[in-house]
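Colleague: So that we are looking at the same thing, I have put the structure below in structure tokens.
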Amino acid sequence: MALDEFRAEVRAWLRDHLEGGFREVKGLGGPGREHEAFAERLAWERHMAAHGWTCVGWPEEYGGRGATLEQQVVFHEEYALADAPARVNHIGEQLLGPTLIAFGTEEQKQRFLPPVVAVRELWCQGYSEPDAGSDLAGVRTRAERDTGRGEWVVNGQKTWTSLAHESQWCFVLARTEPGSERHTGLSYLLVPMDQPGVVVRPIVQLTGTSEFNEVFFDDARTAASCVVGAPGDGWRTAMATLGFERGVSTLGQQVGFRRELAAIVALAERNGAIDDPLIRDRLVRAWIGLETICFNALRMLDGAAAGASGPEASIGKIYWATWHRALGELAMEVSGAAGMLTGSGPGAGPDGLDDRQRLFLFSRADTIYAGSNEIQRNIIAERVLGLPKEARGQAVRGRH
């Protein structure tokens, strides 16, 4: 199908179906706002599934539409332009699904992919740990084989686990070879959340909401067949998942960024902040930065023919995360003294925060989640530029 024809089909479907009860969920959800109308957004996404609009980039044999990379970008752009609600199944569709298609067994694909397409099972990502920060190779969560019952037994703690409180499954990076260090001896396990050995505790954020969680595994169990890739080779699988996370799934976000910038410019025009030459200069620089993000996203298309972006996706992650954090600061500058008051601005919710305050507070995390800027710089230095690996202290290794 021609790209223009595909765009017209997506646009028409969204126009016709974001009506009635679904009109109320327009613009809801997203980073820092995942608490908004979650049940209604889940119903919307299941409605999309019933009409074949989930997992559009997956192969048709696994329930997708087999959309080309360019069509996927168009889909994300039109979805954002329609002000459709943030997706609740992002982790399953954009991270777990592509990983299973690339590395999973046929049995795993048949078991786990259909519920993702139909939005019957939601997933969370068990990577970050409290003592490791952004150092993913510092995993201390352990998993051991119980050969008698044919299961893996998982013990440890994960943190910053988005939507764990809503998820039925978690893909967990765990150390399965005793005495192993860093990226060796790890396995990528699929663990059910609804069992006595799993405890989820919400983390209250600056915004007052809780979409991140701590997750504790205490003799939690999963089937021996629920390891993706070879046991002990989980690092390779985990890196592929991160490539999907930083790649295609983010290509439509600049539309949302453009809407946020436009709202800040409009406010500057209303309250007179636009007359300040320093503010005007920063607004222009923000516009230039957003154009750079868009062009970098288009450049990534050339390197993502296999469905997962390479290390160049790290460049995009650093750039958009830093730009978005600066946009939050600029929003406060444009708001002036009004930015210090809660409960009165446009979009103010039960938490008392308006759109600009929420943007400022949550964007502080942009340079941390999905791989911190420091980790992205290491990836670029070591895997793109071929520079020597960063020295890692003996004291850090000795803790494992």
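The values are calculated or read from the model by the stated rules, or taken from the named source; none is laboratory data. Keep in mind the model is a prediction, meaning the values are calculated, not measured. Note: ideal-geometry Cβ built from the backbone for every residue, glycine included; neighbour counts use all protein chains shown. These area figures cover heavy atoms from the full protein model, side chains too; ligands, DNA and RNA do not enter into them. Shrake-Rupley method; radii C 1.70, N 1.55, O 1.52, S 1.80 Å.
Colleague: With each label point set 7 Å from Cα along the Cα-Cβ vector, what nm distance links T342 and L206?
Modeller: Taking the simple label geometry, T342 and L206 are separated by 1.3 nm.
Colleague: Same structure again: So what does V384 come to for accessible area, using a 1.4 Å probe and Å² rounded to 10?
Modeller: Solvent-accessible area, nearest 10 Å²: 80 Å².
Colleague: Probe of 1.4 angstrom, ligands and nucleic acids ignored: what's the accessible area per residue over the chain, in square angstrom?
Modeller: Solvent-accessible surface per residue comes out at 46 Å².
Colleague: Out of the range 1-95, which GluC sites (Glu not before Pro) are coil in DSSP terms and have no more than 10 other C-beta atoms within 10 Å?
Modeller: E19
Colleague: Of F171, F244, which has the most accessible area with a 1.4 Å probe, and how do the rest follow in descending order?
Modeller: F244, F171
Colleague: What does the charge count near R120 come to, summing +1 for each Lys or Arg and -1 for each Asp or Glu among other residues with Cβ under 14 Å from its Cβ?
Modeller: Net charge around R120: -3.
Colleague: Let me ask something else. Whenever you get a sec, compute what percent of the accessible area on the chain sits on carbon and sulfur atoms (1.4 Å probe).
Modeller: That share works out to 55 percent.
Colleague: Less than 11 Å Cβ to Cβ from V228, Lys/Arg counted +1 and Asp/Glu -1: what total charge do the surrounding residues give?
Modeller: +1
Colleague: What number does the chain give for Rg over Rh if you use C-alpha atoms and the Kirkwood radius?
Modeller: Details: Rg = 21.5 Å, Rh = 22.3 Å.
When Rh is taken as the Kirkwood radius, the ratio is 0.96.
Colleague: For helix 253-271, report the angle its Cα long axis makes with the longest principal axis of the Cα atoms of the chain; keep it between 0 and 90° and round to the nearest 10°.
Modeller: 30 degrees
Colleague: How large is the accessible surface of T322 in square angstrom, using a 1.4 angstrom probe and rounding to the nearest 10?
Modeller: Number for this one is 50 Å².
Colleague: Taking a quarter of the surface of the Cα convex hull of the range 1-160, what do you get in nm²? Numbers along the way, then the final one.
Modeller: On the way: hull surface 45.9 nm².
For the range 1-160, the mean projected area of the Cα convex hull comes to 11.5 nm².
Colleague: How much length is gained if the chain between D4 and F295 is pulled fully straight, taking 0.36 nm per residue apart and subtracting their Cα-Cα distance, in nm to one decimal?
Modeller: The D4-F295 span can extend by a further 102.8 nm.
Colleague: Within the range 66-134, which trypsin sites (Lys or Arg not before Pro) sit in a loop by DSSP and count at most 14 neighbouring Cβ atoms inside 10 Å?
Modeller: R120
Colleague: Same structure again: Just how much of R285 is accessible, in Å², when a 1.4 Å probe is used and the result is rounded to the nearest 10?
Modeller: Per-residue accessible area (R285): approximately 150 Å².
Colleague: Under 1.5 on a/c is rounded, so check that first for the range 96-176, then, if it is not, pick prolate when a/b is larger than b/c and oblate when it is not; a ≥ b ≥ c are the square roots of the alpha carbon gyration tensor eigenvalues.
Modeller: Note, shape of the range 96-176 comes out oblate.
Colleague: First check a/c for the range 55-105, with a ≥ b ≥ c the square roots of the eigenvalues of its C-alpha gyration tensor; if it is under 1.5, answer rounded, and if not, answer prolate when a/b is larger than b/c or oblate otherwise.
Modeller: Details: a/c = 2.71, a/b = 1.58, b/c = 1.71.
Note, shape of the range 55-105 comes out oblate.
Colleague: Also, I was wondering about something else. Classify the range 126-211 as rounded, prolate or oblate from the Cα gyration tensor: take a ≥ b ≥ c as the square roots of its eigenvalues, call it rounded if a/c is under 1.5, otherwise prolate when a/b beats b/c and oblate if not.
Modeller: In terms of gyration-tensor shape, oblate.
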